[in-house]
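> For reference, the structure I am asking about is given below.
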Amino acid sequence: MDSAGSADTASQSTEPSTGRDLVKLALEGVREKAKARGTSPGARKPGKSGGGLGGQSPRRRRWSGPGADQRDPQPLGRIVSRLSVERGWNTSLANGHVFGHWAKLVGEDVAEHAQPLALKDGELTVQASSTAWATQLRLLQAQLLTKIAAGVGHGVVKRMRIQGPTAPSWRKGYRHVPGRGPRDTYG
């Protein structure tokens, strides 16, 4: 360095520096380092997004800030729904919702006379309390499917199979009478 450059440095160190002078010196230092690296000041390295933290590395960012962040408290419903999607529990939960909220989905009067038995591959099997109610449910089938889709979601229940009440089976045991069986014992 020449004597003029050292005189400027000496005068700067002996004179009290203001905040503005310190900022200018810091900015010049940053610009020199950026020039040495071959980048412009303030430019970030490509490919380091920081995992959704606004372009900063997770090590450097220690505050949440005003925007939404993955570290912010989340509502329980949102966490459970995200977990059910990740684990593949959506179909099981939807099936359970159909059975658990049957009376709310189809109405109290229908639920009093019809019970869901099974839900497999989008087909809901419903057992009616009488043959008259089985016929009524077959007539209301389109409306019931619409109500269930509104309550649970589309695609969970695609069709309904309605059964009447089951009659007792006379074909029991190893030895049974072929044909009509003991029908004359009821008097």
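The values are calculated or read from the model by the stated rules, or taken from the named source; none is laboratory data. Given the structure is predicted, the values throughout are model-derived calculations rather than measurements. Cβ sites come from the backbone with ideal geometry, for glycine too, and all protein chains shown count toward neighbours. Keep in mind that these areas ignore ligands, DNA and RNA; they rest on the heavy atoms of the full protein, side chains included. Shrake-Rupley method; radii C 1.70, N 1.55, O 1.52, S 1.80 Å.
> Need one number: % antiparallel among DSSP beta bridges in region 112-165, to the nearest 5.
Details: 6 of 11 bridges.
Roughly 55 percent of the beta bridges in region 112-165 run antiparallel, per DSSP.
> Could you compute the FRET efficiency for Glu123 and Ala150, with r as their C-beta to C-beta distance and R0 at 25 Å, rounded to 0.05?
Calculated transfer efficiency: 0.85.
> How long is the gain from Thr91 to Arg138 if the chain were fully straight, where each residue apart is worth 0.36 nm and the alpha carbon distance is subtracted?
Details: separation 47, 0.36 × 47 = 16.92 nm, distance 2.52 nm.
This chain segment gains 14.4 nm when fully extended.
> Enumerate the calculated ³J(HN,Hα) couplings along region 85-94 in order (Karplus 6.51 cos²θ - 1.76 cosθ + 1.60, θ = phi - 60°), each rounded to whole Hz, writing x wherever the residue is Gly or Pro.
Coupling constants for region 85-94: 5, 5, 8, x, 9, 4, 5, 5, 5, 5 Hz.
> So, for region 86-174, what is the accessible surface per residue at a probe of 1.4 Å, expressed in square angstrom?
That works out to 66 Å² for each residue.
> Could you work out what % of the accessible surface of region 97-156 is carbon and sulfur, using a 1.4 angstrom probe and leaving DNA, RNA and ligands out of the count?
Roughly 54 percent, rounded to a whole number.
> Given the Cα-Cα distance of Gln74 and Ala36 and 0.36 nm per residue of separation, how much length would full extension add, in nm?
9.3 nm
> About the Cα centre of region 84-150, how large is the charge dipole given +1 on each Lys and Arg Cβ and -1 on each Asp and Glu Cβ? Please answer in debye to the nearest 20.
On the way: 5 positive and 6 negative charges, 16 e Å.
In total the dipole reaches around 80 debye.
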